[in-house]
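One structure below.
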Amino acid sequence: MIYTFTTLEHFNTAFCERWLKGFPTEITLKDQNATFKFFTESQTTSLQAKEGHAVHVALYRAVVEDKITDLVLGWTIKPGLVLTPTGAKLIPNPSVIEEKGFTVADNAKEQVIGVTVDVVINGLNAGEPIRAKTDTGASSCSLDAQNVQVTKSQYDDGEIVVFEFRDKRYKTRVKEYQSVKSADGGTQNRPTASFTVECNGKVYDQVEFNLNDRTGMEYDVLLGMNFLSKDTFLIDPQQESVKFVTTQLEQYESLFKAEAILATDNFSNELKEVVDVLTKYPDISFSHIIQKVKADLSHTE
């Protein structure tokens, strides 16, 4: 079902009052100028519902001006998997967190890429695909560039960079400069340029690459997080999956679970402090707190 609402408040009213006639597949909020498409949801079991304070969340995602915004719907769950809507929250600019060992979500299969992927970079290589390496540990993309020369624009509106890629010469506008490690361990300020990139059947504008000498490296193009965060990419090596959204789902579940606990009167001051932290800092989950407690206990033994 596709729904359109003026504001998040209006959607929350319809959601919590059960006015929606079916599970949303797409939600447009006019005040956000965004359309949120269903991305993934919790996998809640009957056993979890029996344990109390169980929640179910559905994640919807929109990309506006190259920035991701999440819309998260939450339900509390009672035994028998009875769901009660509790509200929806907007999470602007969610952090992209990777977690290994999870199966790629069926609804996102079209966004699965491997540790290498063929891309078309507009204006380069005669429009032919270029094999690129994906690297979640790299903050930015890198493009092999030889004989780089930077000159002032004749229109006095910035700088122009001329470089060679695969024995052909190209010219484009300098966007900025990045500090890049050199082979001898030092750093160099390298110019960057923006290109339109086609990957996995989709087109991404304004992808910034640093122009760096990649001689001796296996791939002429490296795709870093400034590109991978433009979409919901799932990197799936041969026998190990990387799923960006798993940890985020756990964090969003913790946020709604904290509110479910606060709605009861049966908790200690210590637990209230934990709930307050989870409510204030959605990037922290119950698993993070358990890990901290275990670490503290190990230091006291």
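Coordinate-derived values only; no laboratory data. If you're wondering where the values come from, they're calculated on a predicted model, not measured in any experiment. As a convention, Cβ positions derive from the backbone with ideal geometry for all residues, glycine included, and neighbour counts pool all protein chains shown.
Classify region 1-41: rounded, prolate or oblate, from the alpha-carbon gyration tensor (a ≥ b ≥ c, eigenvalue square roots; a/c under 1.5 rounded; otherwise prolate if a/b is larger than b/c)? It comes out oblate by the Cα gyration axes.
The distance between label points at Ala126 and Lys168 comes to 0.6 nm (points 7 Å beyond Cα on the Cα→Cβ vector). Extension gain, Lys30 to Asn147: 0.36 nm times the residue separation minus the Cα-Cα distance gives 37.2 nm. Exceedance of the 19 Å cut-off in Cα-Cα distance is limited, within the set Lys175/Lys202; Lys21/Lys78; Lys152/Lys175; Lys67/Lys89, to Lys175/Lys202; Lys21/Lys78. Model label sites at Gln154 and Glu198, defined 7 Å from Cα along the beta-carbon direction, differ in position by 3.1 nm.
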